[in-house]
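Laboratory data are not the source of any read-out in this text; all were calculated from the coordinates shown. Remember, it's a predicted structure, so these values are computed and weren't measured experimentally. Using ideal geometry, Cβ is built from the backbone for each residue, glycine included, and neighbour counts are taken over all protein chains shown.
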Amino acid sequence: MEIIDFDNCERPSIFSQRHYGGLSGNKEHILIDGENWFLKYPANIRGRFQNVDLSYSNSPLCEYLGSKVYELLDIPVHKTLLGISSKSGHVLVACKDFLKNGEKLDEFSQIKVSFAPHDLDSSSSSGASCNLDETVSIIKNNEFMKSVAGVEERFWDMFLVDALIGNSDRNNGNWGIIRKLDGTNELSPVYDNGNSFNNKWDLEKIRLFQSDHEKFTSEAYTGKICIFSRLSKNGEEKKVNPFNVIQSMEFTGLNDSVKRLVPKIYSEFDKITEMIRSIPMEYAGIPIISTEQKNFYVDLMRTRYDKVLLPTQEKINGLGNKSCLSQEQRNESISKKSHKKFSSTWER
């Protein structure tokens, strides 16, 4: 695959610059073939995390990887290019600006607090709160959200794919609705996927988890949590494990996403694996990705598919009696299918 040195890209004049928000590293407006893109720089995390010897996060690489997984699963996502800055020595990702001149993005955090619910009780919260039940209720009942086709389907598709790629930060500020110049509204493509694939882990931590079955299983699915929370029986707000939510089969929309996407994940897994394999380990002397990272990322997705996604889809479809999976897929899990691509530390 092509790696770009973004130092060579055109920068707009100061009066034409676009400014991009977010809390995870700096962003810079650039032009590629006359179109608006922005660079994501890695955040400085030196000393911020215990047992991690990493000066900068891997978020640009993980933004690229997460976005490419969405793309290979045919879910609308912003375009990304992977590259470097030879001057700074960092890996960067360029994200195409999907807003045309005059268009506006209404993030879900804004829509969420612009809605008067029928029952103004103590469960009502701020735009930043990510209570799962409240979010689903607003998607179903907010008239603005209901006027845009495919919102609930997209939300659950993101929930499932984010679980697959380990994106724990699909918050209210990184998905929304585009207000177009012609007065119509449409879903934005998926964007802001940089918190995927354990973006703040160094090689030593990856090796530790790869060599410890219990630790790996916990990170893959049993102990994983995401940005969303739910009220416990005692009224305490607790972060949820997305795989527990998927396995519960309590949300019809999520069940539909499982039925639709799990066969797609299976059919495209070789392409996803090859996409990760095709990234060079270094470019112009700048490290990009290691073999250990590649193995770890593929093993995580493979395990999540085998242990949670496929079994849940079989249950949803009547324990396999009405399964839309092929006989080949039922007989051959992704672990067997991709075994020749990557060797695991152990047989899972």
Spin-label point model (7 Å from Cα, Cβ direction): what's the Glu103 to Ser147 distance in nm? 1.8
Once the Cα gyration tensor of the range 161-247 is found, what semi-axes does its equivalent ellipsoid get, as square roots of 5 times the eigenvalues, in whole Å, sorted largest first? 31, 19, 10
Could you line up Leu208, Leu309 from fewest to most neighbouring Cβ atoms inside 10 Å? Leu208, Leu309
Per the 1/(1 + (r/R0)^6) rule, R0 = 25 Å and r from the Cβ atoms of Val113 and Ser88, FRET efficiency to 0.05 is 0.05
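Greater than 28 Å separation of Cα atoms is the criterion. Which listed pairs, Lys104/Lys259; Lys27/Lys307; Lys79/Lys205; Lys112/Lys307; Lys68/Lys180, meet it?
Violating the 28 Å limit, Cα to Cα: Lys104/Lys259; Lys27/Lys307; Lys79/Lys205; Lys112/Lys307.
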Under the Karplus relation 6.51 cos²θ - 1.76 cosθ + 1.60, θ = phi - 60°, what is the ordered set of whole-Hz ³J(HN,Hα) values for the range 96-110, x standing for Gly and Pro? 6, 6, 8, 8, 7, 3, x, 7, 10, 9, 8, 6, 4, 4, 6
For Ile225, Ile3, what ranking results if the residue with the fewest other Cβ atoms within 10 Å of its Cβ goes first? Ile225, Ile3
Using alpha-carbon pairs under 8 Å, 6+ residues apart, how would you state the relative contact order of the range 235-314 in percent? 41
Sequence-distant residues sharing a close amide H with Ile32 (under 5 Å, placed H): Trp37
Rounded FRET efficiency, nearest 0.05, which uses the C-beta distance separating Arg230 from Ser278 and R0 of 41 Å: 0.55
Taking the alpha-carbon centroid of each part, what is the distance from the range 179-252 to the range 130-157 in angstrom? 18
Counting other C-beta atoms within 10 Å, and keeping those with at most 10, which DSSP coil trypsin sites (Lys or Arg not before Pro) do you find in the range 203-257? Lys233
